[in-house]
Every structure is written in C-alpha cells, then in structure tokens.
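Everything on this sheet refers to the single structure shown next.
Coordinate-derived values only; no laboratory data. What you see is a predicted model; the values in this text were computed from it and never measured. Every residue, glycine among them, receives a Cβ derived from its backbone with ideal geometry; neighbour counts consider all protein chains shown.
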Amino acid sequence: MDDLKDALSIFKKDLLQEWRSKAVTVATVFFASIVLMVLAFALGSNDTVLKIAAPGVLWVALAFAGIISAAQSYQNELEENALEQLLLYPIARSSIFLGKLLANWFYMSLLGFILVPVTSILFKAPLGSNWWLILVVVLLGTLGFSIISSFYAALTANLRARESLLPVLMFPIVIPILQAAVKASRELMTDNNPAIVFDWLQLLIGFDLIYFVVTLAVFHFIMEE
Amino acid sequence: MFNFSQWGWVLFAWGQLIAVYIAYQVYLTWRLKRLEDK
Amino acid sequence: MPKQPMWLNVYGFVVLVLFLLGMYLGLVVSPPDASMGELIRMIYAHVAVAWVGFLAVVLAALHSMLFLWKANFKDDIRAVAHAEIALVFAGLTIASGMTWSKPTLGVFWDWDAKLTLTALLASLLVGYFIVRGLIDDPERRGRISAVVMIIVMASLPFNYMAAKWFRTLHPAKSYNVDATGLSSTMSPVFVKILLFNVVVAAMIYIYFFIQRNRIGQQEAELFEKETELDVKGDFIHV
C-alpha cells in the first residue's frame, strides 16, 4: 500500500503543479473550444446533422485534451532534470506511472463532465433520463485513453521529435477505446438506446483492465536506469 | 466463359506479390553486397 | 562477411519453384468459385500473405519479450527482422485486399474489419521503426522498441474487435457478413490449394527472415568492431 500512497503523492504533486501553471488547462480549453466552434459552424445549418455529430465532437475534443495533458505531465519533469531526481527517490517506478495516470485521468474526466452538457446543448443532443450513464462512459473512456497516453508519453519523453511521435504511436492503439466511447455516447446522445450502452461499457471495462495490466507490467522497462 | 475483368484483377493481385517479393529480395541482396564490401 | 551458404541458395530456388506451383494451382487447377467466380484465385494469394504477416508480428513480439528477459542482442536483431518482413507482408495484404474489394464490393475500401486491422497494424509497425530510428544507444533502443512491439501485439485483438463492430448497432448480438466471403464450408479443393499457398508463403517468409537476420547480425558485429576501433583511436591520440 506504500506504492499506492506514493502514487497519490505524485498525483497531488501533478495536480498542484497544474493548478499553479494552468498550462494544460489553457491549452485544452482552447483546443476544445476550437473543435466545438468549427464543427458547429460547419454542421450548424441542419439540426439532425448536429445531433449525429455530437458524440464524435465530444470525444475529438477530449482526445486533444488527453494528448496535451499526457505530453505535459512528463514534459514538466524534463525541465531542470526533475525526472532524474524523481527516479532517484526510493519509490517504485510503477507508482510514478500510476500517479501521473491518475492525474491525467482526473483532468480528462473533469473536462469531460464539463464538455458533456456543453456539447449536448450546442449540438442539440439532449440526454434524457439516463444522463448519468454518459458520465460513466466518460469515466471509463477517459481512463482507457489516459492509460495509453500516459504510457506513451513516458516512453517518448526522452526521445527527439516527441511531440509528433506521441500521437503517431498512440493513434492506432487508442482507436478501439475511442470508438467504444463514441458509440456508447451516441446511444445516449443521438439514438436514445440505453440498453446497448452496457455492451459498450463492458468492452470499455475490458480494454481498461487489460491495457492497465500490460502497461503496468512493462513500464519499468521504459524508464532510464 | 472467359471473364476478362475478373481475370485482370486476379493477375493484378498475383502480380503484386511477385513484384514485392522481387523488390524485397533485391533490397536484401543489395544490403548483403554492401556488407560484403566492407 | 562470408558469402551466402549454398544450402540457402538451394532453398531459395526450391521456394521459387513451389511459389510458381502454388500460383499455377490457383490460376489453372482451381475451378472458379460458385459465388466469387474467377476472383477466388486471388484469395489464395491474399489470405496466404495475410496469415503469414500476422504470424510475423507474433514472432517479432516473442523475440522482443525474449530480449527484455535475457538481454541477448541476437533477439533484438531477430525482432527487427520479423518486424521488417511483417511490414512487407502487411503492405501486400492491404494491396491485395483492396484489389479483391474493388471487383467484389465495388469500392477499394469499405472499412472491412480485417483490412482495417491490417492497416492499423501497418501503422503500428511504422511507429516501431520510427522509434528505433530515434534512439542511438543499442541497449535502450532494443529495450524501448521491444516494449512498443509488445503493446502492438496486445492491441491486435482489440483492434480486430473494434473494426468488426465498427458499423453495427448491436455488437454483442449480431454483425454483418464478413466481407472476405470465406465460408467454413469451402469445398476441399479450395482449402487444399489455399493451404498449399499459405505454406509456400511461410517458406518464402523463412527465406527472407534467414537472409535479413544474417544481415542484421553481421551489421551488429561490424558495429561493435567499429566502435572498438574508435575507442582505440582516441586512446592513441591521448
């Protein structure tokens, strides 16, 4: 349980860092707004089209946010060689991974909780009585995304061309997670078919579990000795 | 009944295999030659 | 570097003959299919490279895991060889798959599950090579690219499931007919010709692998010698 406490310390440290600098907040709010606005303008003449696009718009904005947040979480450590210092502490590598993962997940789902009503309103996609289900979708989807993005952010942290490499490496892995999340969101926002959502939720849980285990298992191989 | 368009696609597909196999072998041989010269 | 051994050249020749035989079986001996007509003849080529391509990825991941476990660079070199040939076969799978798609479905691409999966696999492999290109230290390069390859293999089942359910509303209940049109009730002559071509493709793969692995091992030895020489040079100057 020490490892968990260490992870939580890293989690709190990252959140505090973000609270002070607001670097990620600014960038992601900016990107999310652009995505929403451009797509709303492009599709806005037809309400049906807007409604169909709503779940996709939501997750595109979240995906941008997720990548920025993950890249930044290891970027912070590169300045002033903080990462080396961090690795010198007597904590398990996996705790670092877990802590940063928690921070990214927390941040991404917070954004998701805000974007859901915003997208729902702007894109004329009302949520109905099962609205709480979409929050579950956001939580599970952002978890899966954060697992992958945090992992690859750590992997590319010390590489040249890391900013462009992160999305290149992540993209094919993250497609199934995004797809399940969008499909589940669509059942709630566009088609109003809550029963099917549970199938997609099972899929998301499966992704999250398996990728969590795999990335945790190989994480210590990618950190410098 | 000779269906030309179908045969055309079939030969195109097999042609891809032949072309790529030859190209890759040429690449391997080139790399080998480069090593032998060192 | 020692020249290619004679047995390898003989093997290559045998493989060439078998390939031509497989092609002959597919183009001449095979009867046309009831539903696909003459197009069945390209299925032999397409399925053969597809299966061998995915086998290659599994082998690459296996050697990657071996490298992480035993830190023997020979495994790293083998992993790279498997990955490189896997990319070649994946590319062939996509090209031949699109060639099958156009006359059958009318379009070159329709997000068919298996083709989409192969395209994702190809982009993952490209990512693997980009990562390798960015790291100079051999130990670190081997370690990090091994991790990438393991994740690549772990992602394949998910990518396949996602692609399969991409266009359906009820994923757990039912899904559309698999676009390759291959049914398990293929008559025996088709199955035999298909299996023959698959085995030949695997033999071609082995032929390529042996060559590519030899090249990799030799280049690694040369690299070691060269870096040693460099060190000696500095020492003399000092």
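Tabulated data
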| quantity | calculated |
| --- | --- |
| Local electrostatic count at A:A54 - Lys and Arg +1, Asp and Glu -1, tallied over other residues with Cβ under 9 Å | +3 |
| Listed residue (C:L16, C:L194, C:L87) projecting farthest to the positive dipole end of chain C, Cβ model | C:L194 |
| Residue order, fewest to most beta carbons within 10 Å, for B:Y21, A:Y152, C:Y205 | B:Y21, C:Y205, A:Y152 |
| Angstrom value of the Kirkwood radius, inverse mean 1/r, which spans all Cα pairs in chain C | 20.1 Å |
| Residue-averaged [θ]222 nm for the protein assembly as shown, counting only DSSP H segments that reach four residues, each worth -39500 (n - 2.57) | -29000 deg cm²/dmol |
| 10 Å binning of all Cα-Cα separations within the stretch A:2-222, expressed as whole percents from 0 upward | 8, 34, 34, 18, 6, 1 |
| Ranked B:V20, A:V35, criterion: other C-beta atoms within 10 Å, fewest first | B:V20, A:V35 |
| Average Cα contact separation per residue, chain A, under 8 Å, 6 or more apart, as relative contact order % | 26 percent |
| Dipole of the protein assembly as shown [Lys/Arg +1, Asp/Glu -1 at C-beta], most positive-end residue of A:F151, A:A54, C:V52 | C:V52 |
| Residue-count net charge about A:A153 - beta-carbon cut-off 9 Å; Lys, Arg +1, Asp, Glu -1 | +2 |
| Charge dipole magnitude, Cβ of K and R +1, D and E -1 - chain A, Cα centre, debye nearest 20 | 520 debye |
| Spread of Cα-to-Cα distances over 10 Å intervals beginning at zero, given as percent, for the protein assembly as shown | 4, 17, 24, 23, 19, 11, 4, 0, 0 |
| Cα centroid separation, the stretch A:28-96 to the stretch C:186-217 (Å) | 44 Å |
| Proximal charge balance of C:K74 [Cβ under 14 Å; K/R count +1, D/E count -1] | -2 |
| Exposed-site-free run, longest, chain C (rule: trypsin sites (Lys or Arg not before Pro); DSSP loop; at most 10 other C-beta within 10 Å) | C:4-172 |
| Long pairs among A:K13/A:K183; A:K5/A:K100; A:K100/C:K164; A:K12/A:K183; A:K22/A:K183, criterion Cα-Cα beyond 24 Å | A:K13/A:K183; A:K100/C:K164; A:K12/A:K183; A:K22/A:K183 |
| Net charge dipole size for the protein assembly as shown [Lys, Arg +1 and Asp, Glu -1 on Cβ; Debye, nearest 20] | 880 debye |
| HN-Hα J in Hz across the stretch A:56-62 - Karplus 6.51, -1.76, 1.60, θ = phi - 60°, x for Gly and Pro | x, 4, 3, 7, 5, 4, 5 |
| Karplus-derived 3J(HN,Hα), 6.51/-1.76/1.60, for each residue of the stretch B:26-38, Hz, glycine and proline x | 4, 4, 4, 5, 4, 5, 5, 4, 4, 6, 5, 6, 6 |
| Sparse-neighbour loop sites [trypsin sites (Lys or Arg not before Pro); the stretch A:3-82; at most 13 other C-beta within 10 Å; DSSP] | A:K22 |
| Order of A:S185, C:S187 under a 10 Å beta carbon neighbour criterion, fewest first | C:S187, A:S185 |
